[in-house]
Amino acid sequence: MNTRVLGLPRGGTRVPAAATGRRLRPAVVKASLAALLLPALLLAFAETAVRTGLLPANLMPPPSAVASTLVYLAGHGLAGHMAASTARVALGFVSGAGAGLLLGAVVALHARTRGLLDPSLQALRAIPSLAWVPLLLLWFGIDELPKLVLIAIGAFFPVYTGIISGFAGVDRKLVEVGLLYRLPQPVLVRRVLLPAALPAILTGLRNGLSLAWMFMVAAELIAASRGLGYLLSDGRETSRADIVLAAILLLALLGKLSDMAMLALERRLLAWRDSFGAGGAAS
């Protein structure tokens, strides 16, 4: 194999970590600048299109107006709205992801439990988020609990399916080696199944976190007095497209920041992995 094609020195030896880090810094900077190029072009186009009358300002305010709205909201309770939404996502995600990990592991490890529970859970997974809202409001009222339950539902299913698919994809030979050494089931799970399934589990956690933000918006659009979903609803009712776009921008920012944190955790936990995309840029 031509190791130079893969970016390795002759002989296939690895480049020292420090040298690799120094070499990757310019690439990381270039990747970051490339990621900002498309948003910058879109903002410039939107600003120009509105200023020249190509787009109606009442439906698509220019980015400069959205920035002014953000500055105004920053002095009028924006931090409280962001904190309320972030806290709801954090609590709902932890609850839903924890339940997904626990129940997914039980279903993946026991065939009888899988046959009993998995068909019903897969049917529940197909229910849209807004379909849960009327039932949760009837059960729990309009306080915080129905919002947290809805967010937990959104986070549960990606984590549940992630851990099941992760355990199902473990190489049978690894399990057979563990059985050959007479490892008890808890040790087999901890030392063989869990490390091998970890990439799929972490992918499920990332997807669950993304859905937690989406379900949070659905919850706050229905019944909330604080939060970014409430800002979306308030902007719609007052015909303030700038408030709606400001809330959408903040949701995108918070969602991206939380995903970056999850991606950093994934890279740390999977540092042992020597795969093609292990050292790639964040998606």
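The values are calculated or read from the model by the stated rules, or taken from the named source; none is laboratory data. Quick caveat, the model's predicted, so the values are computed rather than measured. As a convention, Cβ positions derive from the backbone with ideal geometry for all residues, glycine included, and neighbour counts pool all protein chains shown. Heads up: the accessible areas ignore ligands, DNA and RNA and are worked out on the full protein's heavy atoms, side chains in. Shrake-Rupley method; radii C 1.70, N 1.55, O 1.52, S 1.80 Å.
Quick notes on this one:
- Computed from Cα positions, the angle between helix 63-74 and the longest principal axis of the chain comes to roughly 90 degrees.
- Helical content of the chain, expressed as a calculated mean residue ellipticity at 222 nm, amounts to -25500 deg cm²/dmol (DSSP H runs of 4 or more residues, -39,500 (n - 2.57) each, divided by residue number, nearest 500).
- 10 Å Cβ shell holding at most 16 others, DSSP loop, chymotrypsin sites (Phe, Trp or Tyr not before Pro): longest site-free stretch of the chain: 1-180
- Distance between modelled label sites at VAL106 and ALA261, nm, 7 Å Cα→Cβ extension: 2.9 nm
- Computed over the chain: relative contact order in percent, which uses C-alpha pairs under 8 Å that are six or more apart: 21 percent
- Apolar share of the accessible surface for the range 29-89: 78 percent from carbon plus sulfur atoms, 1.4 Å probe.
- Solvent-accessible area assigned to carbon and sulfur over the range 100-236 amounts to 66 percent, based on a 1.4 Å probe.
- Between helix 78-109 and the chain: long-axis angle, C-alpha atoms, 0 to 90°, nearest 10: 30 degrees
- Normalised per residue, the volume of the convex hull around the Cα set of the chain (Å³): 194 Å³
- For the range 93-149, accessible area per residue (1.4 Å probe, heavy atoms of protein chains only), Å²: 62 Å²
- FRET E, pair TRP272, LYS173, Förster distance 25 Å, beta-carbon r, rounded to 0.05: 0.85
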